[in-house]
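**Q** Dropping the structure in here first, questions after.
The values are calculated or read from the model by the stated rules, or taken from the named source; none is laboratory data. Here the structure is a predicted model, which means the values were calculated and not measured. Don't worry about glycine lacking a Cβ; one is built from the backbone with ideal geometry, like all the others, and counts go over all protein chains shown. To get the accessible areas, we keep the full protein, side chains included, count just its heavy atoms, and leave off ligands, DNA and RNA. Shrake-Rupley method; radii C 1.70, N 1.55, O 1.52, S 1.80 Å.
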Amino acid sequence: MLEGPEAHGFPTPLWSCPRVARLIGDEFGVDYHEGHVWKVLRGLGWSPQRPVGQARERDEEAIRTWKRQTWPGLKKKPKSRAARSSSSTKAD
């Protein structure tokens with residue numbers, strides 16, 4: 001199981017309860033309903049995890065460069081404070 005789902009023939013690198021149930025059945029000959037597999041995993045100290053949503057092609061150095069060089073020129077800058085209008089209702 002530590003090798004990941006792809007090492008066990010699954011097309012994606014995510015474990016799901018139905019996949020774990022199938023693996024338990026294949027490896028140990030014990031059938032668990034996929035809806036109850038989470039109880040077994042919880043009992044073993046495992047918790048649900050969400051994959052980080054990042055592209056595999058992500059280039060961290062290019063992102064850092066863009067943030068330092070390009071982004072500052074694109075950010076909105078605060079406008080200078082204009083004189084209050086005569087219709088202002090807030091007391092000074």
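**Q** Are any residues in segment 9-39 in contact with a helix residue (DSSP H, G or I) (Cβ under 7 Å, 6 or more places away or on another chain), outside any loop (DSSP other than H, G, I, E, B) and either open to solvent by 90 Å² or more (accessible area, probe 1.4 Å) or modelled with pLDDT under 90 (or both), and if so, which ones?
**A** Result: Trp38, single match.
**Q** In segment 28-74, what count of residues is obtained for those that are in contact with a Cys (Cβ under 6 Å, 6 or more places away or on another chain) and either free of Cβ contacts under 8 Å to residues at least 12 places away in the same chain or of a type in the set (Val, Ile, Thr) (or both)?
**A** 1
**Q** Of everything in segment 40-70 that's assigned to a helix (DSSP H, G or I) and either exposed (fewer than 10 other Cβ atoms within 10 Å of the Cβ) or of a type in the set (Gly, Ala, Ser) (or both), which residue is farthest from the chain's Cα centre (by Cα)?
**A** Result: Gln69.
**Q** Any residue that is out of contact with any helix residue (DSSP H, G or I) (no Cβ under 6 Å at 6 or more places or on another chain) and modelled with pLDDT under 80 - is there at least one of those in segment 42-50?
**A** The answer is yes, given that some residue of segment 42-50 is out of contact with any helix residue (DSSP H, G or I) (no Cβ under 6 Å at 6 or more places or on another chain) and modelled with pLDDT under 80.
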